[in-house]
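Okay, so here's the structure we're looking at.
The values are calculated or read from the model by the stated rules, or taken from the named source; none is laboratory data. From a predicted model like this one, the values you see are computed outputs, not experimental measurements. Glycine also receives a Cβ, built like all others from the backbone with ideal geometry; neighbour counts cover every protein chain displayed. Note: accessible area is taken over every heavy atom of the protein model, side chains too, but ligands, DNA and RNA are not part of it. Shrake-Rupley method; radii C 1.70, N 1.55, O 1.52, S 1.80 Å.
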Amino acid sequence: MAAGRRGAGLRLCATVFLLDMAFCKGFVEDLDESFKDNRKDDIWLVDFYAPWCGHCKKLEPIWNEVGLEMKSIGSPVKVGKMDATSYSSIASEFGVRGYPTIKLLKGDLAYNYRGPRTKDDIIEFAHRVSGALIRPLPSQQMFEHVQKRHRVFFVYIGGESPLKEKYIDAASELIVYTYFFSASEEVVPEYVTLKEMPAVLVFKDETYFVYDEYEDGDLSSWINRERFQNYLTVDGFLLYELGDTGKLVAIAVIDEKNTSIEHTRLKSVIQEVARDYRDQFHRDFQFGHMDGNDYINTLLMDELKVPTVVVLNTSNQQYFLLDRQIKNAEDMVQFINNILDGTVEAQGGDSILQRLKRIVFDAKSTVVSIFKSSPLMGCFLFGLPLGVISIMCYGIYTADTDGGYIEERYEVSKSEIESQEPTEESKEQEPRSGVTLVPTVQGPKDVLEKKKD
């Protein structure tokens, strides 16, 4: 009876799960070739997928949740998905080159989503990009609300100017990453001091920074560098994004499950440098910590001991390892200064030799991972081709050997025939002396047969 009730309960749970999935799918439209002509009147968030793609299958339940959430909050953004293999011409028109590709389509504009594939991050992207490019802040209350809601945001302060035109151009390119606002000088908090107007500011890390054209260069490049908080929890995806900033990334590589003094001290030192030396280093450095050394080992093609500190130049794949023991923030500052003045030698890079090393390392890592995850599959994938190649080599070798032996035997038989020619001549003369003999002349074939016997 109990087993029957458990079975009925499992069937009920499975039924509820399937109904829930079907309910969520109802808010995601399957798109076809008619989408090309009908889409421009609406804002669309589209997942371009391939049926055989493993990452696409992993995204599918998350995408269904996105569709349900967007519908429930009354968002004007419609959620759809398109099989890019069946409608390849439409996918190519939107610049789809990999799967899955998430795009927000707004009129003639198409924005690529490059963030984590989580429901909250995707919905945040849709809200940000589907709204106004530059959002006005009409009051101090609204300004305070935005500060509480967003960790990083940019504000243009002032009237019409060439700087505002540059700000709008930068926003149209970088809206996929962060928020852009505009405000009057009266709305800005009292602790903000401006030397001149108009101005562009970034608010983050409970403070603000003012764009300086002479020190910071191009406005769009400055925004791209400053769109991250000064201290981050770093992972592989974030490191890839940081590569566009041109900054060096100082990372404490630790084990977060390890509560020993050494692990917590290194993390605290990096946090202290990021906070107390922000004005000195924020233009050139990004700070953070990473849990575990697996990704770093793959990136550096080396085995780093944990805990440690590594400084990465993600733009050219160079890195700097500690040349001293880091006991406090002053030691870390000295290490950073030595990197900037060239005292610490850079390792790695993107030279031809390093690229060849990377190819060998990636191949070796792939083979090892296959054998670790599935030894039988590894034996089949690599053992079978090696076995076939071995058999082919053995066949070629033995064929050459037999050919040489036959040729050698033929040469021997030919020499024997030539040695018998005088004998045949003498035998031809013998009948003249009155003795009749029947000559037996062996041909090459007979000699070969004897040899074989």
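Details
- Backbone phi angles across region 180-197, fed through the Karplus curve with coefficients 6.51, -1.76 and 1.60 (θ = phi - 60°), yield HN-Hα couplings of 10, 10, 9, 7, 8, 5, 5, 7, 5, x, 5, 6, 8, 10, 10, 6, 8, 10 Hz in residue order; Gly and Pro are listed as x.
- Over region 173-249, equivalent-ellipsoid semi-axes from the Cα gyration tensor in Å: 25, 14, 12
- Karplus 3J(HN,Hα) series, Hz, for region 203-216 with 6.51 cos²θ - 1.76 cosθ + 1.60 (x for Gly, Pro): 9, 6, 6, 6, 8, 8, 10, 9, 5, 10, 4, 6, 8, 9
- Region 102-251: C-alpha pair distances exceeding 19 Å, %: 55
- Additional length obtainable on full extension of the chain from Arg149 to Glu124, 0.36 nm per residue less Cα span: 7.8 nm
- Exposure rank, largest accessible area first [Phe48, Phe361; 1.4 Å]: Phe361, Phe48
- Scanning residues 5 or more positions from Val306 or on other chains, none has an amide H under 5 Å from its amide H, with H placed 1.01 Å from N in the peptide plane.
- Here the spin labels are modelled as points 7 Å beyond Cα on the Cα-Cβ line, and at Asp218 and Ser88 they lie 3.5 nm apart.
- Dividing the Cα radius of gyration of region 190-291 by 2.2 N^0.38 Å, with N the residue count, gives 1.20.
- Residue order for Met392, Met70 - accessible surface, 1.4 angstrom probe, largest first: Met392, Met70
- Computed E for Met301/Val176 - FRET, C-beta separation, R0 45 angstrom, nearest 0.05: 0.90
- Across the protein chains, with a 1.4 Å probe defining accessible surface, the residues Asp291, Asp37 rank Asp37, Asp291 from largest area downward.
- With all protein chains modelled, accessible area of Val360 [1.4 Å, Å²]: 100
- Cβ charges +1 (Lys, Arg) and -1 (Asp, Glu), total dipole of region 49-205, debye: 620
- Ser75-Leu353 FRET efficiency (beta carbon distance; Förster radius 51 Å; 0.05 resolution): 0.50
- Cβ-defined net charge surrounding Asn230, 9 Å radius [Lys, Arg +1; Asp, Glu -1]: +2
- Shape box of region 69-179 [Cα atoms, principal axes, largest first, Å]: 51, 35, 22
- Theoretical FRET efficiency, 1/(1+(r/R0)^6), r = Cβ-Cβ of Cys393 and Asp255, R0 41 Å, to 0.05: 0.30
- Computed over region 198-355, the ratio Rg/Rh where both radii use C-alpha atoms and Rh is Kirkwood: 0.96
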